[in-house]
Amino acid sequence: MVVDGYACAVMIQQEFPQSTDPERSQKLVIELGYPRSDRQSRWGDRKRWVLEDVLGAVLREIETRAAEDVQRKEAEARAKTDREVRWRAAMEKATEQALQAQLADTLREQASSWQETTALRAYCDALEHRIAEETDVEEPQVASARRWLAWARRYTQSVDPLHQLPTMPASKEPEPEDLKPYLKGWSPYGPDEKRYGWGGTR
């Protein structure tokens, strides 16, 4: 039976089909399938009434279930919309955090390169000072040291991140895996996907 789009299975059958008692074997029972509550879902012939007398109660129960089904679907739709809104907000925040992490990684790389360059430049200065104060070494060795110093200074300049003025790095669109650490349990693939187990609640 369908009421307002809600389909309810209605089964009518003998209550005691195996009974050899003619009166008992004629008793019928009506049962509604898939109960959603602890309300009555089964009615049968009794001494005080026959099944036809309780059909009104059966119909009212089906109508009640139909109304509950409408409410349930409306609540599910609202919950789905709410999940979608919260997922989009989480994705937006995670994307921004992932982009910030990209910039932070670039900054650390540049700072590390700058520290290395500073050490190399200090070494070149020390080597130049050492060459200048050398008096007991033959000229070919000094000339070789000067060539080494010249190459070292060129290399140091080539790897110096501040040799040219650094500009804002270009960011790439984060991949789903990049977003996971910032989603607090949401899936990067959609609001209804299976959530990850490392934190966050819906």
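Tabulated data
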| quantity | calculated |
| --- | --- |
| Selection status of residue 89, over 24 Å from residue 5 (Cα atoms) and either assigned to a helix (DSSP H, G or I) or modelled with pLDDT of 85 or more (or both) | yes |
| Test result for residue 95, at pLDDT 85 or above, surrounded by 15 or more Cβ atoms within 10 Å (Cβ to Cβ) and hydroxyl-bearing (Ser, Thr, Tyr) | yes |
| Contacts under 7 angstrom Cβ, first residue in the range 175-186 being under 13 Å from residue 99 (Cα atoms), partner surrounded by fewer than 14 Cβ atoms within 10 Å (Cβ to Cβ), 6 or more apart | 176/189 |
| Filter result for residue 66 (surrounded by 15 or more Cβ atoms within 10 Å (Cβ to Cβ), of a type in the set (Gly, Ala, Ser), out of contact with any helix residue (DSSP H, G or I) (no Cβ under 9 Å at 6 or more places or on another chain) and at negative phi) | yes |
| Contacts under 6 angstrom Cβ, first residue in the range 96-115 being without any contact (Cβ under 8 Å) to a residue 60 or more places away in the chain, partner surrounded by 15 or more Cβ atoms within 10 Å (Cβ to Cβ) and in a helix (DSSP H, G or I), 6 or more apart | none |
| Residue among 169, 191 that is at pLDDT below 95, farther than 27 Å from residue 77 by Cα and either surrounded by 14 or more Cβ atoms within 10 Å (Cβ to Cβ) or not aliphatic (A, V, I, L, M) (or both) | 169 |
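The values are calculated or read from the model by the stated rules, or taken from the named source; none is laboratory data. No experiment lies behind these values; they were computed from the predicted model shown. Note that we place each Cβ from the backbone using ideal geometry, even for glycine, and neighbour counts take in every protein chain shown.
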